[in-house]
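Working notes, structure below.
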Amino acid sequence: MSNEEAFVSIRGMSFSRGNRLIYDNIDLDIPRGKVTAIMGPSGTGKTTLLRLIGGQLLPDRGTIKVDGHNVPTLKRGPLFELRKQTMGMLFQSGALFTDLSVFENVAFPIRVHTDLPESMIRDLVLMKLEAVGLRGARRLMPAELSGGMARRVALARTIALDPEMMLYDEPFTGLDPISLSVTVKLIKSLNDALGLTSILVTHDVDEACSIADYVCLLSEGKVIGFDSPENLIKNGSEQVRQFMQGEPDGPVPFHFPADGFSTDLFKRVK
Amino acid sequence: MGLIDKLLSQVRYIGQAGLERIQGLGRAGVFLYSSIAWGGPGSAGFGDLVKQIYSIGVRSLSIVIVAGFFVGMVLGLQGYTILSDFGSEAALGTMVSLTLIRELGPVMTALLFAGRAGSALTAEIGLMKATEQISAMEMMGVDPLKRIITPRLWGGFIAMPILALLFSLVGIWGGAYVGINMLGVDEGAYWGNMQASVSFYDDVLKGVVKSLVFGLVVTWIAVYQGFDSMPTSEGISKATTQTVVVASLAVLGLDFVLTAIMLGGV
C-alpha cells in the first residue's frame, strides 16, 4: 500500500507504561476510506493505540501521522484543531456529559465550534439523532438511558461535526443482539455514506469481520497480521488463526507473564 | 551492608517523595497558568460562569449564613464576658465587627467553602475524568481547561468575597442579638462604636483582598486535585480528602502571611 492511500501512518513507534513495553517498534498503515478493525487479546493496548493516534498519549519513539500531520509533535493548538477537523472518537462508555440532555450533548460540539443559528443546530441535531434512531429520546438525561442507547447518542455526538476519521473503542461490548446488529450496520453505512476512515477496536471477531475491509491483529507489542479478514483466516500464521478461531491454547499466551506456576506456589513467603 | 542499604533506601524514598511534591507543584502552577491564560471570566460563555457562581456560591449560602450567625453570637458572648471585666461593654460592637471583618469572616468562610464547594468540585471533575467526559471533550477538539476549569476558577474567585462579606454581616447581627437583646449592651454604643472604629480601607477592603486570595487558592486546589486524580473510586475519594486538608491548611497559612503583610510587620 503506498503512503498516499494511508490516512494514518505509524512508523517505528514504541510505547511503554512503567516497565511494561506495550508497543515495540511497530509500523502500521490505516488505509483511507476503509474500515480497519484492530483486534488482539485483552491488555495488548488496543485502546492505547487509539489514544496514541488521538494524541492523548505520547509514544516513547517513532512517528504517528494522521492525514500527514505528525501527532506527537503537534502543539496544543494545532492538535485541538486537527482533532476538531479530522477525528471523532466513540468511547466504550459513551462518555456523555451527565449534566446535559441528549439533545444538548449532540449539540455541544456544534455550539462550541460553529456560530450556526439555533434553528440550524436543531435541524442538525435531529438529523444525527434520527440516524441512530433516538430522535424521540432527545429530552432524556444520560442517566435515563441504557448502555446501548448512551453509546448511540455518543455516536450521534461524534458524527455531529462530520469527522473524516472515526475511532471506535469497543463499540459492540455489552449490546443486546438488536442494538448490536444495528450498530454494526450503522458503522458500515456511516463509513460508506460519508467516505470516512474508520478504526475499530474490538474483541468481536464475527462482527468485525462482517464489516471490516482490513483486520490488524496485535499481540505482545507487535503487529502479527494485517490483511483482509478472509485472507487472515485462510492464510494467516498459526498465531493469527488461533485468535480468529478463538482457540484457548496456542502461540498467543493466555497468561500474563509470570514465574512458573509451581515455583510461585512453593515459593516461601518471607 | 544491610543497614547501609536500608538507610540509603530511606534517603532515596525521602528524595523521591520530595521530587514528586515539587513536580506536583510545578504541574499545578502550569495548570493554573493555562486555565487563567485562556482569558477572562466569560471565555467559556457567561452562561457557564453564572451556573458555576450559582453552584459554588449560592449553594454555599445557607451554611455560610448559619455558621456566621453562630460565630457572631459566640463572639458577642465571649466578648461581653471579657470586656465587662474592664467595664467596657460598649466596645463590644467594635470587637465583634473587627474580629469578623479582618479575620474570622474571610478565614471561616474559606474553610467552610473548602469543605462544601471545594470537595464537590474535586469529586465532580474527578468523576468527569473517570467517566471519560474529559477525554471525550479533548477528542472533540474542545479544551477541557477552558471549558471546565476556567469558569469554575472564576466562579470561586467571584463567590468567595461575597460569601465572606455576608458571613461578617450576619455575624455582626448575631453579636448584636446576644449583646443588645440578651446581655443588655446599649444599642447606640454597639452600632456607634462600630461605625467609628471600622475603616473601609484598612478593615473591609483588606478583608476582601484576603478572601479574593482564598477564593482563588481554594478553588485552584479543588479543581487541580480533581483534574489530577486517579480516575478510580479510591483515587477520587483520596483527592476529595486531599482538597479539604490542603485547602484548609493553605488558607490558615496564607492568612498569617497576608495579615503580616497587611499590618506591615514583615
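A few points about this structure:
- Part-to-part distance (alpha-carbon centres) for segment A:30-83 and segment B:116-176, which is given in Å: 33
- Rh by Kirkwood over Cα pairs, then Stokes-Einstein D for segment B:74-133 at 1.567 mPa s and 4 °C, µm²/s: 91
- Helix axis angle, A:76-86 relative to chain A longest principal axis, alpha carbon, degrees: 80
- Helix B:2-37 axis, angle to chain B major axis (alpha carbon atoms, nearest 10°): 70
- Near the amide H of A:Gln92, within less than 5 Å, lie the amide hydrogens of A:Asp169, all on another chain or at least 5 residues away, with H placed in the peptide plane.
- Karplus-derived 3J(HN,Hα) values for segment A:211-226, using 6.51 cos²θ - 1.76 cosθ + 1.60 with θ = phi - 60°, are 10, 7, 7, 10, 10, 10, 9, 10, 7, 6, x, 10, 8, 9, x, 9 Hz; glycine and proline are entered as x.
- Reachable aspartates and glutamates from B:Lys129, criterion Cα separation under 12 angstrom, eight or more residues apart if same chain: B:Glu138, B:Asp228
- Angle between chain A longest axis and helix A:177-194 axis [Cα atoms, degrees, rounded to 10]: 70
- Exposure proxy order (Cβ contacts within 10 Å, fewest to most) of B:Arg116, A:Arg20, A:Arg111: A:Arg20, A:Arg111, B:Arg116
- Highest-MSF residue in chain A out of A:Leu217, A:Leu116, A:Leu186 [GNM, Cα springs under 10 Å]: A:Leu116
- Using only side-chain charges placed at the Cβ, +1 for Lys and Arg and -1 for Asp and Glu, the dipole size of the protein assembly as shown relative to its Cα centre rounds to 460 debye.
- Of B:Lys51/B:Lys146; A:Lys34/A:Lys185; A:Lys75/A:Lys222, pairs whose Cα-Cα distance is over 18 Å: A:Lys75/A:Lys222
- B:Arg59-B:Thr81 pseudo-label distance in nm [points 7 Å out on the Cα-to-Cβ vector]: 3.8
- Label-to-label distance, B:Val209 versus A:Leu21, with points set 7 angstrom from Cα along the beta-carbon direction: 5.9 nm.
- Inter-label distance, B:Val30 to B:Thr241: 2.8 nm, where each label sits 7 Å from its Cα along the C-beta direction.
- Per-residue extension of 0.36 nm, minus the Cα-Cα distance of B:Lys6 and B:Tyr201, leaves a gain of 64.4 nm for this segment.
- Neighbouring partner chain Cβ atoms per residue of B:138-150, average, 10 Å criterion: 6
- Neighbouring Cβ atoms from other chains, within 10 Å of the Cβ of residues in A:74-80, number 2 on average.
- With a 10 Å cut-off around each Cβ of B:126-137, the average count of Cβ atoms from other chains is 5.
- For B:Val50 and A:Glu118, the FRET efficiency from 1/(1 + (r/R0)^6), where r spans their Cβ atoms and R0 equals 22 Å, is about 0.70.
- Long-range HN-HN contacts of A:Cys216 with modeled amide H, under 5 Å: A:Ala37, A:Ile38, A:Met39
- Over chain A: helical MRE at 222 nm, DSSP H runs n ≥ 4 each giving -39500 (n - 2.57), nearest 500: -11000 deg cm²/dmol
- In the protein assembly as shown, a dipole from Cβ-located charges (positive for Lys and Arg, negative for Asp and Glu) runs towards its positive end, and of A:Met149, B:Tyr13, A:Gly136 it is B:Tyr13 whose Cα lies farthest in that direction.
- Segment B:52-263, dipole about Cα centre (Lys/Arg Cβ +1, Asp/Glu Cβ -1), debye to the nearest 20: 480
- Fraction of the pair-distance distribution of segment B:52-263 above 32 Å, Cα-Cα pairs, percent: 27
- Take A:98-107, A:61-70 and order them by the average number of nearby Cβ atoms within 10 Å per residue, most first; the result is A:98-107, A:61-70.
- Both the radius of gyration and Dmax for chain A are 20.1, 72 Å, in that order, over alpha-carbon atoms.
- Taking the charge dipole of segment B:52-263 about its Cα centre, with +1 at Lys and Arg Cβ atoms and -1 at Asp and Glu Cβ atoms, the residue from B:Ile158, B:Thr122, B:Gly253 reaching farthest to the positive side is B:Thr122.
- Secondary structure note: in chain A, about 55% of the DSSP beta bridges are antiparallel.
- Sparsely packed chymotrypsin sites (Phe, Trp or Tyr not before Pro) within segment B:10-118, loop by DSSP, other Cβ within 10 Å at most 10: B:Phe86
- In the protein assembly as shown, the DSSP beta bridges split such that about 55 percent are antiparallel, to the nearest 5.
Read the figures in this text as sums done on the coordinates, not as results from a lab. If you're wondering where the values come from, they're calculated on a predicted model, not measured in any experiment. So basically every Cβ, Gly included, is an ideal-geometry build from the backbone, and we count neighbours across all protein chains shown.
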